[in-house]
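*Asks:* First the structure, which I've put down as structure tokens, then a few questions once you've had a look.
Every number here is computed from the coordinates shown, using simple stated rules; none is lab data. Computed from a prediction, not measured in an experiment: that's the story for all the values here.
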Amino acid sequence: MKNKIVPFFLYAFCIVFLNFTFSDEFEEYGMNQKDIQNRLWNVLQASSVNVPYLGSSVKSACKSLAPEAQATAIKKAGAFVKSYFNTEDFQKRYIETISKKYPKLETTISEQRKQEIRANRLKGVQGLQAKDMEPVVDIQIQSAETFVGMESMLSSIPAEQRADFKKQIEDGKRNAAFFKKIKPLLKTNMEEFKKQYAEYLAADEIRQSEQTLARNAKSNADEYERLKDPKKVLAARLTDFLNQSKGVDFAAQTKELNGRKKFANAAYEGKSDVWKFCYRMGATPTNTARAFAQQWLAELK
């Protein structure tokens, strides 16, 4: 396992450059500048450093790299990626990509859509009968007592949950009051009951739809804020790599189990893919990669 000559591109992609790759002078290894650009901002949008899949043709092409050239190649490729990261072209394209992926979203429904919802709800209640609706209305009215009783529980609810709990109580009491108000219409004016009930259902649908829109808009805005500064994102990826590649036991022994190599120390099987990959790379390329990452991270602070 450890004695394998690891394809240079594989560790350069996954570990040293946080999944970046090489310049056009390395096209003989099956990669080009477009690949570099795409991997650079793709990895900055990922949630963490990981070991990507590379085709067999790339792996085969890279196995020919002599072991003694590994550290030099890591530094060389790292310098290229660092240079590209600092270009105006990359910075501009990265921001454009993030802005397009996480645009500012609407939080309200159009008036036309609201009218459609109201019309659909009104159409949907036309077949209602007073005798069928009376028990439904009574249940809604009786629920008011339940919500009043829940108010006494507010003080025992965790502070971070209290606002949502209080809102549920207020909504429940308001709904109960609404049904109590329109109940007489079941006997005096069923058409007016249908009209008000349909408006109630439409208002609830509109409110829930806009709450969903607001949540989606906030999620988009949060993601944009998290990713909009490529330097901060890069610093997070470098830190992630340094944490995952820390303390690799390059002297760890392996054993064959069911045709596959496993660590003799079972605890190592629970290590991250990055940790295991560094083990396969060996001490020299891993330490070179870590030194490069530490230096770049220091410059970003």
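*Asks:* Sequence neighbours fewer than 8 away in the same chain don't count; with that in mind, list the lysines whose C-alpha is under 20 Å from LYS232.
*Replies:* Of all the lysines, those that pass the test against LYS232 - Cα under 20 Å, at least 8 places apart if same chain - are LYS82, LYS92, LYS100, LYS101, LYS301.
*Asks:* Does region 111-213 come out rounded, prolate or oblate by the C-alpha gyration tensor, with a ≥ b ≥ c the root eigenvalues, rounded set by a/c under 1.5 and, if not, prolate when a/b is larger than b/c and oblate if not? Walk me through the numbers before you get to the answer.
*Replies:* Values: a/c = 3.60, a/b = 1.41, b/c = 2.56.
Note, shape of region 111-213 comes out oblate.
*Asks:* For LYS173, list the lysines whose Cα falls under 30 Å from its own Cα; do not include residues on the same chain fewer than 8 positions away.
*Replies:* LYS114, LYS123, LYS131, LYS181, LYS183, LYS187, LYS194, LYS195, LYS218
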